[in-house]
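Participant: Below you will find the structure I want to go over with you.
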Amino acid sequence: MGFRISAPGKLALWGLVAMMTLAASSVRAATWDPAAKDYTGHKGATLYVSKLGDNTDGKSWATAFNTVQAALDAVPDALGGHVVVIRPDTYMEANISVPYPGAQGSYNLLIADVDGHYGSGRTGQAVLDAGEPEKGFKSYDWWGNIRSMKQGWSKDHTDPTFSAIVWDRWILRNLYQTGGDAALFWDCTNRTEPFSIVVEDSVGIGRAFGGGVGNCLSRPDEPITFRRCSLWSLDWWGDTSGLYVRVENKAMPERPDVVVEDCTLVGPQCALKGSNYGFHTFTRVKLNRCRLVALNFSQPAGTPTDGIIQSVQSGKYLHVDLEDSALMGYKVFGVKVDKDTVNDLTYSTKGTVSAYVQFQQDVPKGMYRADHWPSELFAGLTPPAPRAERAERGEVSLVQRDLCEVAPVVWKGRLCLMVCVRPGSGGTAKDYYIVLRDAETGEELGRCAEGYSLASAFVQNDTFYVFASRFEDNNWNDVTMFKSSDLKNWTQKVVVKQEPKEHLFNCSVSAAPDGFVMAYESNDPTYPAFTVKFARSTDLENWTVVTDGVFGTNRYTACPCIRFVNGYYYVMYTEHRTPRWWFETYIVRSKDLKTWEISSSNPVLSPRGIDEGIDASDPDIAEFNGKTYLYYAVGDQRTWMTGIVVCQPWD
């Protein structure tokens, strides 16, 4: 039997945004970018981040650090030119920081390998989530993706003041940051010094700010830059905006402090904000080919936004240069404190600058008033998907709702399903049994194993074998074989006995050289989570445990499905993506059941869509009439489970 897992699909195009940025997408930062072909700066270290690495030195994908912060901490010096590459995945990390800035002419680079260019083996997004792993979104002052903190801000802020100025002369590319108060946002707190940062092709979503900078100075020749980014704020209350900027100039500069190109800025209160309460400093921003949306379209008698673009303290502290950009919101400009100074907010326009506003509001001179809903603009607002696309799955269908484990098997020329009938928990032995059904008609062909579940099926020489665990004392015990040649008369035998303090769960059996192999799930207390152990047999009835044959000694490995193909044992299994409550199917292989290689294409199955919950687990496969049938379960790993089948003509 051939066995192949397709490579993950390419990321979907980002609609209108992709079209608008096509001409600009080939433009990179100057020769200080260590990823540029014409880079002339210091060649520093390259460090890797992957959940699949062994978390040792980060110098390769195999030895990659498991967290972004660990890799950043390993940046060796302030000479610049260092590169940290992140494998697409979700990283529950808040308040990250760096030990060293980059250098003039030699920026450092933090980049996600979204297209596989750096050899991670996966395409998709690298999501840095600042939320609480078990509780979700964390809205709290100074809590976000980039570390900064001011001591004494409240009674809870007792740690020493920390400035994000340490990120000076870094480039961030292809990141997806969210889950906290601020995402791609650098607050320099007590260090009002020159600061340069470049953010490209990234998504920032925060309660207060999607992106921005505060309390710093700028370098005219190295401006703070956001390119091809989608920056969203989620709150309308207090200090919030899609992009927030506050540079502490004593007078309005002649050139922009902040350059924003091909970006989407969205927020309920405003899209772009400058200044702050009590601050009397000047900031200049250039926006080119940008989309700015303030979601508050309240009636005048309600609580409308002060403007799509706002200066907090006074209008004179913000200047905006607009080129080929589109705006949506209640009105264009506004001031929070000294509202009468709104006309002191200065701006310039170049090319086509359009504004779609409430019909009673004026549109500033130099802007084109859009008189109909800009559907093309609105369609391009949504950020790209936050994780890797799953491989094309062929024909996908629902097997049954409220279904537990299921295994496909070919019996007497018919594709059949061995279904484990059991409650979610508790019950008596009569509530647990195995049913064999015709996959197409649903006809019941036989049943067995009262008091057993978590089973797998195998057919050999016109004999049907079931391998299942016994439910007893509210736990799972041993592996028992049931066999029959007519699905009516069954014999049984315990074939794998659990060790003291151990319980055995799901299992899988495959043909192999010199007989057969079994993978079975154990909660051996020697290891921190579920592991997969192995046994061999020459006749399917007498099994010998493989000494030292254990996979998953350092990770959650459950619900195995084993096959032998072209000299390798392949195991698909359920991986709990801690610290999230999220379950995916991974694949590994080995030549000896002792040394394992984790595929760089993992995960091979991820939950997709509302109806699949947070789980894609319990995989099993069968080949029938030239097609491979992959069955797996979706649900929430707590209260519900549904069976899914994928039919694909894999080789």
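The values are calculated or read from the model by the stated rules, or taken from the named source; none is laboratory data. Please read all numbers here as calculations on a predicted model, not as lab measurements. Using ideal geometry, Cβ is built from the backbone for each residue, glycine included, and neighbour counts are taken over all protein chains shown.
Participant: Being crowded, with 19+ Cβ neighbours inside 10 Å and modelled with pLDDT of 95 or more is the filter; apply it to region 121-134 and report the residue that is nearest to L72 (Cα to Cα). I'd like the intermediate steps shown before the answer.
Facilitator: From region 121-134, those crowded, with 19+ Cβ neighbours inside 10 Å are 121-130; that's our starting set.
Those still in the list that are modelled with pLDDT of 95 or more too: 126-130.
On the way: A126: 15, V127: 16, L128: 14, D129: 16, A130: 16 Å.
Out of the qualifying residues, it is L128.
Participant: For region 507-554, give me each residue that is small (G, A, S) and modelled with pLDDT of 95 or more. Quick ask: steps written out before the conclusion?
Facilitator: Taking region 507-554 and keeping what is small (G, A, S), we get 508, 510-512, 515, 519, 522, 529, 535, 537, 549, 552.
Result: S508, S510, A511, A512, G515, A519, S522, A535, S537.
Participant: Turning to a different aspect of this structure: Condition check: in the same structural domain as S241 (by TED's automatic domain parsing) and touching a helix residue (DSSP H, G or I) at 6+ places or on another chain (Cβ under 7 Å). Does S154 satisfy that?
Facilitator: Numbers: in the same structural domain as S241 (by TED's automatic domain parsing): yes; touching a helix residue (DSSP H, G or I) at 6+ places or on another chain (Cβ under 7 Å): no.
Criteria not met by S154.
Participant: Modelled with pLDDT under 95, closer than 25 Å to C229 by Cβ and surrounded by 21 or more Cβ atoms within 10 Å (Cβ to Cβ): is that true of T305 in this structure? Show your work before the answer.
Facilitator: Working: modelled with pLDDT under 95: yes; closer than 25 Å to C229 by Cβ: yes; surrounded by 21 or more Cβ atoms within 10 Å (Cβ to Cβ): yes.
Taking the combined requirement at face value, the residue satisfies it.
Participant: Only residues in region 609-632 that are in the same structural domain as F583 (by TED's automatic domain parsing) count as the first member; pair them with residues that are charged (D, E, K, R) and surrounded by 20 or more Cβ atoms within 10 Å (Cβ to Cβ), Cβ under 7 angstrom, at least 6 apart or cross-chain, and list the lot.
Facilitator: A616/E584; D618/E405; Y631/D620; Y632/D618
Participant: Moving on. Checking T158 against (1) loosely packed, with under 15 Cβ neighbours inside 10 Å; (2) under 22 Å from S599 (Cα atoms); (3) β-branched (V, I, T): exactly one of these is not met. Which one?
Facilitator: Just one mismatch for T158, condition (2).
Participant: Got at least one residue in region 490-499 being farther than 17 Å from M418 by Cα, among the charged types (D, E, K, R) and touching a Gly at 6+ places or on another chain (Cβ under 9 Å)?
Facilitator: No, because not a single residue in region 490-499 is farther than 17 Å from M418 by Cα, among the charged types (D, E, K, R) and touching a Gly at 6+ places or on another chain (Cβ under 9 Å).
Participant: How many of the residues making up region 223-266 are assigned to a strand (DSSP E or B) and small (G, A, S)?
Facilitator: Taking region 223-266 as the starting set, the residues that turn out to be assigned to a strand (DSSP E or B) are 224-227, 230-233, 241-247, 249, 258-261, 264-266.
Next cut, small (G, A, S) only: 230, 233, 241-242.
Going through region 223-266 one residue at a time, the tally reaches 4.
Participant: Which residues, taken from region 265-292, are of a type in the set (D, E, K, R) and closer than 18 Å to R207 by Cα? I'd like the intermediate steps shown before the answer.
Facilitator: As a first pass, look at region 265-292 and keep what is of a type in the set (D, E, K, R): 273, 284, 286, 289, 291.
Passing the criteria: only K273.
Participant: Quickly run through region 279-293 and pick out the residues that are more than 15 Å from K316 (Cβ to Cβ) and part of a loop (DSSP other than H, G, I, E, B). Even if it seems obvious, please write down each step before you answer.
Facilitator: Restricting attention to region 279-293, the residues satisfying the condition of being more than 15 Å from K316 (Cβ to Cβ) are 286-293.
Correct list: R289, C290.
Participant: Just checking, how many residues over region 555-573 are part of a loop (DSSP other than H, G, I, E, B) and surrounded by fewer than 19 Cβ atoms within 10 Å (Cβ to Cβ)? Give the derivation first.
Facilitator: Applying the first criterion (part of a loop (DSSP other than H, G, I, E, B)) to region 555-573 yields 555-557, 566-567.
The next check asks that each one be surrounded by fewer than 19 Cβ atoms within 10 Å (Cβ to Cβ); those that pass are 556, 566-567.
Selection size over region 555-573: 3.
Participant: Okay, next question. Only one of these conditions is not met by I205: (1) farther than 23 Å from A130 by Cα; (2) touching a residue at least 60 places away in the same chain (Cβ under 8 Å). Which number is it?
Facilitator: Unmet condition: (1).
Participant: Please go through (1) surrounded by 17 or more Cβ atoms within 10 Å (Cβ to Cβ); (2) of a type outside the set (S, T, N, Q); (3) not in a strand (DSSP E or B) for W581 and return the number of the only condition it doesn't satisfy.
Facilitator: Exception for W581: condition (1).
Participant: Another question, if that's okay. If you go through region 364-379 one residue at a time, do you hit one that is polar (S, T, N, Q), assigned to a loop (DSSP other than H, G, I, E, B) and farther than 14 Å from S325 by Cα? Outline the logic, then answer.
Facilitator: First pass over region 364-379, keeping only residues polar (S, T, N, Q): 375.
Those left that are additionally assigned to a loop (DSSP other than H, G, I, E, B): none.
For region 364-379, residues polar (S, T, N, Q), assigned to a loop (DSSP other than H, G, I, E, B) and farther than 14 Å from S325 by Cα: absent.
Participant: For S600, which of the numbered conditions (1) more than 22 Å from C507 (Cβ to Cβ); (2) among the hydroxyl-bearing types (S, T, Y); (3) in contact with a strand residue (DSSP E or B) (Cβ under 6 Å, 6 or more places away or on another chain) fails to hold?
Facilitator: (3)
Participant: Look at G442 and say whether it is modelled with pLDDT under 95, in the same structural domain as P619 (by TED's automatic domain parsing) and either aromatic (F, W, Y) or within 24 Å of V532 (Cα to Cα) (or both). Can you show your working first?
Facilitator: Values: modelled with pLDDT under 95: yes; in the same structural domain as P619 (by TED's automatic domain parsing): yes; either aromatic (F, W, Y) or within 24 Å of V532 (Cα to Cα) (or both): no.
In short, no.
Participant: Hey, can you tell me all the residues within region 309-348 that are surrounded by fewer than 21 Cβ atoms within 10 Å (Cβ to Cβ) and β-branched (V, I, T)?
Facilitator: The answer is V337, T341, V342, T346.
Participant: Here's something else I'd like to know. Name every residue in region 176-206 that is closer than 18 Å to R227 by Cα and in a loop (DSSP other than H, G, I, E, B), in order of residue number.
Facilitator: If the condition is that a residue be closer than 18 Å to R227 by Cα and in a loop (DSSP other than H, G, I, E, B), then F195, S196, D201, S202 are the ones that fit.
Participant: Which numbered condition in (1) within 23 Å of D168 (Cβ to Cβ); (2) at pLDDT 95 or above; (3) of a type outside the set (A, V, I, L, M, F, W, C) is the only one that K59 fails?
Facilitator: (1)
Participant: I'd like the residue in region 622-637 that is under 24 Å from the mean Cα position of the chain (by Cα) and outside any strand (DSSP E or B) and, out of all such residues, is surrounded by the fewest Cβ atoms within 10 Å (Cβ to Cβ).
Facilitator: Of everything passing the filter in region 622-637, D636 is surrounded by the fewest Cβ atoms within 10 Å (Cβ to Cβ).
Participant: If you go through region 168-180 one residue at a time, do you hit one that is closer than 15 Å to C216 by Cα and either among the acidic types (D, E) or over 27 Å from the mean Cα position of the chain (by Cα) (or both)?
Facilitator: Scanning region 168-180, I find at least one residue that is closer than 15 Å to C216 by Cα and either among the acidic types (D, E) or over 27 Å from the mean Cα position of the chain (by Cα) (or both), so the answer is yes.
Participant: With the checklist (1) surrounded by fewer than 21 Cβ atoms within 10 Å (Cβ to Cβ); (2) of a type in the set (D, E, K, R); (3) in contact with a strand residue (DSSP E or B) (Cβ under 9 Å, 6 or more places away or on another chain) in hand, flag the one item D89 doesn't pass.
Facilitator: Every listed condition holds for D89 apart from (1).
Participant: Name the pairs: first residue in region 51-73 and in the same structural domain as P101 (by TED's automatic domain parsing), second residue acidic (D, E), Cβ to Cβ under 7 Å, at least 6 apart or on different chains?
Facilitator: Close Cβ pairs (under 7 Å, with a partner that is acidic (D, E)) amount to K51/D89; A62/D54; T63/D54; T63/D57; T67/E93; V68/E93; Q69/E93.
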